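Trainee: I have a structure here, written as structure tokens, and I will follow up with some questions on it.
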Amino acid sequence: MKKLVLTGAAGRLGSYLREPLSKMCDTLVSTDIVEDIGTLYDGETYVSADLADLDAMLSITEGADMVVHFGAIVDEAPFEQLLGPNFIGAYNIWEAAHRNGLRRVVYASSIHAVGMHPKNQFIGIDAPHRPDTFYGLAKCFAEDLASMYWDKRQLESVCMRILSCANVGNPRAVGSWLSYDDLIQLVTRAIDTPVTGFSVIYGVSNNDRAPVDNSKASFLGYRPKDNAEQFAKEVFAKAGPLDPTDPGDMCHGGPFASIELGNSALGSMNIIDDRKKT
Ligand SMILES: NC(=O)c1ccc[n+]([C@@H]2O[C@H](COP(=O)([O-])OP(=O)(O)OC[C@H]3O[C@@H](n4cnc5c(N)ncnc54)[C@H](O)[C@@H]3O)[C@@H](O)[C@H]2O)c1
């Protein structure tokens, strides 16, 4: 591939994707809203830009084969705060990809698009949207953009509904963990599978307790290797009892399912910022 674009390149997940993506193409254009992202990999350039700026997205995606879209506000927040980066930003990515003739958008969607489904339902990739927050609603909007741009404009998309790509620090994560190595494999398959049309796949490792079913996405060839069961004993020993009346314990979205709309959910999740250093 000649050129790939990675949004959200300054973020935690972006930090693990930059190096492998830079090896899949002649030029990787990394972008984020921050001023700079430090030392660049061979073949990588960096452009600081706001996702809400369509002209900037048009310029960054010019001549690209695909865009790997990870940029967003990554928490629940008032709708007005998410509108620019997560809603308009998503429209700008698909619209810019279409106008510049890109082949595919590889998108970091989220379990929060379907977060209000009860966890005792083993949901597949065809589970209807059931967002748990405005943040999840933005993921539904972007998935629907992806579907519509495929149906009407033949732009392919792979929407990866990531469960939780972070340290395993609570009982939910023993089922929902996506390791960084499996994240890289997932994004690689989403890029190198020859034909995807509009696809949805869950971003989860090979956990014994994974609560979702990827069997209808098996054509993408994603075969996760890691298993969070290695953390189960320690995590369960430290955890308090779960509350069967709390949507946060009973629904796929975890804390996002019980938080008031517009309030931060990440605050309670003790996520370690272990981003990869260049
Ligand atoms: N980490 C997870 O467990 C998880 C789970 C599900 C989905 N996701 C999705 O994966 C993606 C990356 O998540 P992350 O954990 O690396 O989060 P992160 O917050 O570390 O990275 C997001 C990046 O987006 C950038 N950004 C925010 N607003 C922007 C704007 N207006 N213009 C340009 N860039 C902007 C931020 O500066 C940040 O670097 C997100 O789309 C997120 O919704 C992550």
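No lab work stands behind these numbers, since they all come straight from the coordinates. Keep in mind that this is a model prediction, so the values were computed, not measured. With ideal geometry, Cβ positions are generated from the backbone for all residues, glycine too; neighbour counts draw on all protein chains shown.
Trainee: Take every DSSP beta bridge with both residues inside the stretch 3-268 and express the antiparallel ones as a percent of the total, to the nearest 5. Intermediate values should be presented prior to the final figure.
Mentor: Numbers: 1 of 35 bridges.
So the antiparallel bridges in the stretch 3-268 amount to around 5 percent.
Trainee: What are the residues whose amide H is under 5 Å from the amide H of Ser110, where those residues sit 5 or more places off or on another chain and H is modelled from the backbone?
Mentor: Residues meeting the criterion, in which the H sits 1.01 Å from N, are Ile162.
Trainee: Give me, ordered by chain and number, the residues 5 or more places off Tyr41 or on other chains with an amide H under 5 Å from its own placed amide H.
Mentor: none
Trainee: Roughly what percent of Cα-Cα pairs across the stretch 1-111 reach past 15 Å?
Mentor: Working: 3622 of 6105 pairs.
Of all Cα-Cα distances in the stretch 1-111, 59 percent exceed 15 Å.
Trainee: Modelling each spin label as a point 7 Å along the Cα-to-Cβ direction, I'd like the Asp213/Asp26 distance in nm, to one decimal.
Mentor: 4.5
Trainee: Helix-derived [θ] at 222 nm for the chain: sum -39500 (n - 2.57) over DSSP H runs of at least 4, divide by residue count, nearest 500?
Mentor: Details: 10 runs with 91 residues, N = 278.
Computed mean residue ellipticity for the chain: -9500 deg cm²/dmol.
Trainee: I'd like the distance between the alpha-carbon centres of the stretch 194-243 and the stretch 3-55, rounded to an integer number of Å.
Mentor: 26
Trainee: Charges only on Cβ, +1 for Lys and Arg, -1 for Asp and Glu: so what's the dipole of the stretch 93-149 about the Cα centre, in debye to the nearest 20?
Mentor: Details: 6 positive and 5 negative charges, 32 e Å.
Charge dipole, the stretch 93-149, about its Cα centre: 160 debye, nearest 20.
Trainee: Test of understanding: extend the Cα→C-beta vector of Glu62 to 7 Å, then name every residue of the stretch 75-111 with backbone N under 16 Å from that spot.
Mentor: Only 96-102 fall inside the zone, counting backbone N under 16 Å.
Trainee: Positive end of the dipole of the chain, charges at C-beta (+1 Lys, Arg; -1 Asp, Glu), about the Cα centre: which of Trp150, Ile259, Leu40 has its Cα farthest in that direction?
Mentor: With unit charges placed on the Cβ atoms, the residue in question is Trp150.
Trainee: Between Tyr41 and Asp55, what is the label-to-label distance in nm when each label sits 7 Å out along the Cα-to-Cβ direction?
Mentor: 3.2
Trainee: Rounded to whole Hz and in sequence order, give me ³J(HN,Hα) for the stretch 200-213 from the Karplus expression 6.51 cos²θ - 1.76 cosθ + 1.60, θ = phi - 60°, writing x for Gly and Pro.
Mentor: Values, residue by residue: 10, 8, 7, x, 8, 6, 7, 6, 3, 9, 4, x, 10, 10 Hz.
Trainee: List, in order, the whole-Hz ³J(HN,Hα) value for each residue of the stretch 261-278 obtained from phi through the Karplus relation with A = 6.51, B = -1.76, C = 1.60 and θ = phi - 60°; use x for Gly and Pro.
Mentor: 4, x, 9, 4, 9, 5, x, 8, 9, 6, 7, 7, 7, 9, 4, 6, 8, 8
Trainee: Could you name the lysines in cross-link range of Lys238, using Cα to Cα under 17 Å and dropping any fewer than eight places away on the same chain?
Mentor: none
Trainee: What spacing in nm lies between the two simple spin-label points modelled at Thr193 and Leu83, each 7 Å away from Cα in the Cβ direction?
Mentor: Computed distance between label sites Thr193 and Leu83 equals 3.5 nm.
Trainee: For Ile73, what is the net charge nearby, where nearby means another residue's Cβ is under 15 Å from its Cβ and Lys, Arg count +1, Asp, Glu -1?
Mentor: Net charge around Ile73: -3.
Trainee: Assuming R0 = 51 Å, can you tell me the calculated FRET efficiency for the pair Met148 and Ser48, based on Cβ-Cβ distance, to the nearest 0.05? Each step should come with its number before you reach the end.
Mentor: On the way: r = 30 Å, r/R0 = 0.58.
Calculated value: 0.95.
Trainee: A further question on this structure: Residues with beta-carbon under 10 Å from that of Gly248, excluding Gly248: net charge, scoring Lys, Arg +1 and Asp, Glu -1? All intermediate terms of the calculation are to be shown ahead of the outcome.
Mentor: On the way: positive: Arg172; negative: Asp132, Asp243, Asp246, Asp249.
Around Gly248, the charge tally is -3.
Trainee: Here's another thing I want to ask about it. Mind jotting down the three principal axis lengths of the chain based on Cα atoms? Whole angstrom, largest first.
Mentor: 53, 37, 33
Trainee: Still on this model: Compute the length gained on full extension between Ile33 and Lys276: take 0.36 nm times their separation in residues and subtract their Cα-Cα distance, giving the result in nm to one decimal. It would help to have the intermediate numbers written out before the result.
Mentor: On the way: separation 243, 0.36 × 243 = 87.48 nm, distance 1.83 nm.
Going from the current span to full extension adds 85.6 nm.
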